[in-house]
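Structure record follows, encoded as structure tokens.
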Amino acid sequence: IDGSGSIYGEAARLLKETVKKVLFTLVSDLDYIDVAVFRNDYVHSLVECVHGEPKLRRTTQASKSYLTHQIENTEWYGMSNVTMAFEYAFDLLATDGNTTCHKLIVLFTDYTNDDLIPFIEKREKENNVEPHVVIFTYGFEGWIRKNLSEVAERFEGYSVKIKNLPQIFTAAREITDVFTRKNIKERIQFPFSNSYFDNWGQGYILTLLLPVLSKGKPPALSPNTPEGSFLGVAGVDLPAGMFGEFTRANQQGCFAEAV
């Protein structure tokens, strides 16, 4: 969160509401997060206020409520240093041992002249970390934010200028699209559910889950949403016994059977 003095009034109010919307609608109890305010030459972790050291921490409803209180009491003054904020974020991500999860840096700011792309590319190589970057901007309409849009696009995210409260919900929910687009691009298989017993006589069931993506840009989403946006999840129930039909005995060995 940019804590510099150029964010004030309506911009500060919209920024607070966006952070809270991201926390309570997109962050689950399975996620690990840190929320930090940066200004001048230092970064202040709001999570550190709870746990005593800046570190990615697993979220709970209690911690999210506490963070919301801290965000409401944030004051804006001094100068901005966005490069330092990304330095801090990469230091946290580099210490995270769970390399299989999605990694995301969300920046809330009004403007920066920092040349961020070479710096982020350098840190990606050094730490073997490839986070998505999502940027929400606020404040004076006349400022040119092309560099921030280029950063978000380069690192498989998006950038959006928040102008009013109703826009916050649709802009924030697009974070789920960022992860889904990467799954499709890399052809990562979407999972089967755990098996469960069907009370209607089908025996054990597996459910195959697949994403539903848009063809074109749905009018319900913001203009920044690219084609192929995530709309929801579809599933189909498959009786476990049917999988035996696709496995021939002569391909398994003489004493094998499909299970």
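At a glance:
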{"quantity": "Any hit, segment 106-115, residues being open to solvent by less than 30 Å² (accessible area, probe 1.4 Å), of a type in the set (S, T, N, Q), under 15 Å from SER4 (Cβ atoms) and modelled with pLDDT under 90", "calculated": "yes"}
{"quantity": "Those helices (runs of 4 or more DSSP H) lying entirely in segment 122-240 with at least 3 residues surrounded by 15 or more Cβ atoms within 10 Å (Cβ to Cβ) and at pLDDT 75 or above", "calculated": "146-154, 165-173"}
{"quantity": "Residue in segment 31-54 that is closer than 18 Å to GLY157 by Cα, touching a helix residue (DSSP H, G or I) at 6+ places or on another chain (Cβ under 6 Å) and without any contact (Cβ under 8 Å) to a residue 60 or more places away in the chain present", "calculated": "no"}
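Yes/no per residue for (1) at pLDDT 85 or above; (2) part of a helix (DSSP H, G or I); (3) of a type in the set (A, V, I, L, M, F, W, C):
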| site | (1), (2), (3) |
| --- | --- |
| THR25 | no, yes, no |
| GLU53 | no, no, no |
| HIS69 | yes, yes, no |
| GLU75 | yes, no, no |
| GLY78 | yes, no, no |
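The values are calculated or read from the model by the stated rules, or taken from the named source; none is laboratory data. Note that the coordinates shown come from a computational prediction; the quantities given were computed from them, not determined experimentally. Positions of Cβ are backbone-derived with ideal geometry, glycine not excepted, and every protein chain shown enters the neighbour counts. Note: areas computed on protein heavy atoms with side chains; ligands, DNA, RNA excluded. Shrake-Rupley method; radii C 1.70, N 1.55, O 1.52, S 1.80 Å.
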